[in-house]
Amino acid sequence: MSKLPLMHSISTVGVIKHYNQDYLLHHTRTDFTGKNGIGKSLIADLLQILFIADSKKITFGTDSVKKEDRQIFTIPYKTNDAYFFMNIEIEPKQYITIGVNIPSTSSSPIRMFRILNTYYNPEVEQRKNITERKKLTGYLIPEQKLPYHKDFLITKNNKTEIPKIGDLVSHLRDSKDLYLSYFSTKAEKKEQYQFLFDKNILPLNLSIDNHLTAFAKVLQAFSKANTLDTDKDKSLKSFLFDDKKEEIETEYKRNKERLDNLVIRHRKLKKVTDDLKLKRVFLEDLKQKEEAYITAEKLAFKKEYFTKKKNYKTVVDQWDKDEKKHKALNKQIANLKAKLPTLEKTEAEANKKQKNYSKSLQDLNNYKDEYSTYLKKKDKIDKLEACPLPDVSKEEKEPFDFENESIDNIISTVEFFKPVWKKYGSIQGIENQYKQQSAKLDEVKTSLKQEQNRLEQMQRLVNYKNEETLASQIIKKKKALSKAQETILLALFMDVKWQKPTNITNKLTYTDSLDILNESNIIEDKVDGGYWIKIGSLNYFAYFNKEKQIFKDPKNLQNAFNQKEQEINKALEKLKNRINDIENLKIDNILQHLPNISFKWDKDIPDRRKIDDYKTAVALVKNIPTFKTTLKAELTKLKTSLTTSKSKIGFEFPDKEIVETIEQYSTKQSVFMEAYTNALKIRVETEADIKVKEQSISELNFDADKIQKEKEELKKEIEDFKKCKEKKYPLLFSGFNAEEVALLNTKDVENDCSLKKSLYQIRYEDVLKDFQYTNDEIEIKEQIENKTFHFKQLERKLLGNTIVETKNIEQALNSANEEKRKMSSTLRGIMLKIFQKTQDEFETYKSVITRLNLFFKNKLISEKYYFQVRFDINPNFSIQWINELQSNAQTAGETGELFESESVEQFAETFFKDVSGYKKGIAFSELLDPKTYFTLKTEFKDEDDNKSPGSTGESYTARVLLGIGRLSITSKEKREGLNFLILEEVASLDPSNFNTFPELAEQFGYQIITMTPKPYGSNSDDGWYLHQLIPGKINKDINSKVPNSSFKTNFSNEQLLAYLERNKN
């Protein structure tokens, strides 16, 4: 009997193929057999889900099934939840159940669960000691209470259902007094793994992620998953070793901030030292330019001082001259001002006289204008009174506006109106005459137009112009017509069409027979002077045609037409002239003589407009009396105004002599005006002369007090200038040699000073360009903006309060370089510590391979090959470079070698290339990874050390051996717990290779689960369980409810239930 714990049974609920099933597991070996696609590989997948329960780490191993067809959420068969669980025997006949709830959607999590006999309280467990906590006393399920698939089904309303896990908790508690706990989140699953490890159910602590990953890889290696390729270096490394690269990178990242800070500080210090060197050059150059500028400025100040004193003397001399001129001008102004009162009096008297005469003259002119208006108004009234008016008393009075009418126009209108009024005596009489003559004229015009139309028709006829008519058809056929027929044709049928026309219009007539003019239908009517023609029930009349017949002789028809055409043309010309004369009757003055008409035509009433003019004339005549009254009133008003105006003039004069009076007063006013103009001119010229002299005084701007004050100020200015400059440069003017300074050219001195000042200031301003950060220094910018350019202030700002002066820069540089050397040494020390871990892990990996090869020793494959893993040093990436890094760190500390790289990564990559001679690019992360420095390779060798490529079976055997070896070295200590092998590629093994696994299972305490179409025998007399899976007869997705399970030995095959019953006791 194998050592506990052991897998006792596995069960499926709602799982595709297996559906609801229980399988007992033998303590040594259990075979699952059956056709391909029956669900054997699914057992391996379910075991992987049971222990891993992380979809990111699970990889199924069925090569023949498409990836999209075999996914976790496709395992439940027509149910939202499927279950797979295992009963584990912990103590004899005492069990624990672990399992997984598998969802049917990819968005739902895989839930792990465990079933215990009693409720598990973590708080109570924590109060136990370590030994007690390892035991499961009270929690183990007795054999008679073990759950199987039927216990996971709930019947409701005669319907069996697979419950959700929440409902399953209460169902198991109520039906079997069992306690199910489930775990959904990663943290909760870690609790379950820790529980299984602490209770010695699993020998590995799968709550540690590296252990879980390793265990997943081993399970996948046992199955047909392609996660392990023994021929590939990367696959072997991933399978055999925990990935320490991330751990080392984490260690590096933990120190990275410190490293980066050191690099930044080192870079900053380097920048500081470089900056100090630049500042030293800059400040020394600036100091030289300042000294040159100071020397030039002193000389410029001396020259300026001499010039100021010289200018002072010149100004004082000018002030003395201005004083004399100022006194002379003041005397002249006083004399002119004394004359002004007399001049102003003379001007005023002359002005008064000319104004009096000007007013009288204005009044006379105004009176003259009013008198002229009065005479014109009186003349109009006299003319209007002399014009006799026609009698229009019987006509109604209409308003008339005389505002824009002159007297001449009014009289002209009356005279124009009189002859017509005399003829008709009223507007109604004029209108009646107009109506009569218009009606008669319209009759004449109508008659003339009709005759014109007839002649034009005859003209078209004789010219054959209309071939579609009846007349043209007669001409064409040269048919002779009687007088009666010709009369009817010309009078009635000229417009009759020959045959039905294409374009039809209203009142159109046509004929297609010449019989329409048959003489039998024509009757002469001498009484009425014409002919009647009968057409159907209708009779038509036409007067006798007095013209010469043209259709009488068809042979002479053309001559008749020619003669007729000449007659028609003459008649038409005469007719058109007469029509034109008639039309012109309605236009005034067009005709000199009236045309020959048979009625009275009054040319004074040619159209309606003339009647309107006569009506206006009547309104004018009717309103003339009122208009006269208005004019007379205006005349009376003007006469009164004239009397008033004459009284204002002040002297009498006859109206008729008004013009002569005005001329006399005009002459006298001119004399007085001239006297006033002369007086005004003298006064203005005198005042102008005063202003000119005052302007001269103003321009002279002579103020004795002010000048005296300015003299004192100028003296003070010279003294202040001296004090100011000597404040900047003490004793500047002591021993001042005026003669020597006088010889200097002012412009040269100023230019030299300006040049040296500019050179100094330009160099000063270069600080903003040479040291960009100073653009933000307010004090420096103020120095430049205010043009002060203090050297000491700039020096202190550039060097700071620590260095202060240029002479202290050398000492500061020495201190900074020492600090950089210390930082460089610290950087290398931290890097060495990190890469030491890489080197240590490299040695650990090497040791692991040595231990694995010891494990493989004496384990023959195919009874002739030894399997081993070769650990080869990577020729391009030697781990020895880390030793060189250590030596470099020691040397750097001794020699003071500086760290000049931009970053730690760059330094390491560059250093590695320099040491190894590797020319290609390499990432910093590769240097941290211990797996970079070696390669792994598997090989098969016989006793003579000959290599063999290995068959498929031998390769699978090697993969299983690697898995067992991987598990054996994962845990640092040997622990109790479940150990099992899943052999999924058994069909590819020969019997000798297969027999290796039972021996390994016995040696290491493993249970074997195989999946094969055809099971092998055993190399011992012990038996095993065999479950033959049988396809379902109704549904291909669900196997037979009862598999063919048996207890099998090399010599017998007994039904499992019978074997178990036989061996109960």
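If you wrap the stretch 738-804 in the convex hull of its Cα atoms and look at it from every side, the mean projected area works out to 6.2 nm². Highest mean packing comes first when the peptides 278-286, 765-773 are listed by Cβ atoms within 10 Å, giving 278-286, 765-773.
Ordering of 495-503, 1005-1013 by packing is 1005-1013, 495-503, highest average first (other Cβ atoms within 10 Å, averaged per residue). Between T413 and A923, the simple spin-label model (points 7 angstrom out along Cα→Cβ) gives 11.6 nm. Pairs from the list K159/K1048; K479/K534; K308/K769 with a Cα-Cα gap above 28 Å: K159/K1048; K308/K769.
Give the angle, between 0 and 90 degrees and rounded to the nearest 10, that separates the Cα long axis of helix 904-916 from the longest principal axis of the Cα atoms of the chain. So the inclination is approximately 60 degrees. A Cα-only calculation for the stretch 34-144 places Rg and Dmax at 17.4, 53 Å. Normalised by residue number, the volume inside the convex hull of the Cα atoms of the chain is 750 Å³ per residue.
Based on Cα atoms of the stretch 358-509, Rg over Rh with Rh as the Kirkwood radius reads 1.49. Close amide H partners of S1040, meaning residues 5 or more places away or on another chain with modelled amide H under 5 Å apart, are I1030, G1032.
Kirkwood analysis of the stretch 663-746, using all unique Cα-Cα pairs, places the hydrodynamic radius at 19.4 Å. The length gained by stretching the chain between L572 and K145 to full extension, at 0.36 nm per residue less their Cα-Cα distance, is 139.3 nm. Can you flag which of K199/K837; K298/K715; K56/K1041 are past 26 Å Cα-Cα? Among K199/K837; K298/K715; K56/K1041, the Cα-Cα distance tops 26 Å for K199/K837; K56/K1041.
Over all pairs of different C-alpha atoms, the stretch 92-191 has a mean inverse distance whose reciprocal, the Kirkwood radius, equals 15.1 Å. To the nearest ten degrees, helix 608-649 and the longest principal axis of the Cα atoms of the chain are 80 degrees apart. Applying a threshold of 21 Å to the alpha-carbon distances of K237/K833; K359/K648; K156/K176 flags K237/K833 as lying beyond it. Nearest 10 degrees is fine. How inclined is helix 991-1004 to the longest principal axis of the chain, computing both from alpha carbons? Taking the Cα atoms of the chain, the angle to 991-1004 is about 80 degrees. Our Cα-only numbers for the stretch 745-850 put the radius of gyration and Dmax at 26.9, 100 Å. Helices in the chain, meaning DSSP H runs of at least 4 residues, each add -39500 (n - 2.57). Divided by all residues, the mean residue ellipticity at 222 nm is -19500 deg cm²/dmol. Qualifying chymotrypsin sites (Phe, Trp or Tyr not before Pro) in the stretch 1007-1059, where qualification requires a DSSP coil assignment and no more than 15 other C-beta atoms within 10 Å, comprise F1051. About its Cα centre, the stretch 445-584 has a charge dipole of approximately 240 debye under the convention of +1 per Lys or Arg Cβ and -1 per Asp or Glu Cβ, with nothing else charged.
Go through F541, L42, I102 and say which Cα lies farthest out towards the positive end of the charge dipole of the chain; charges sit on Cβ, +1 for Lys and Arg, -1 for Asp and Glu. Value computed over the given set: F541. Each 5 Å bin, from zero up to the one with the longest distance, holds this percent of the alpha carbon pairs of the stretch 445-584: 2, 9, 17, 21, 20, 16, 10, 4, 1, 0.
Readers should treat all values here as calculations from the given coordinates under stated rules, not as data from a laboratory. Everything numeric in this text was worked out from a predicted model, so none of it was measured. With ideal geometry, Cβ positions are generated from the backbone for all residues, glycine too; neighbour counts draw on all protein chains shown.
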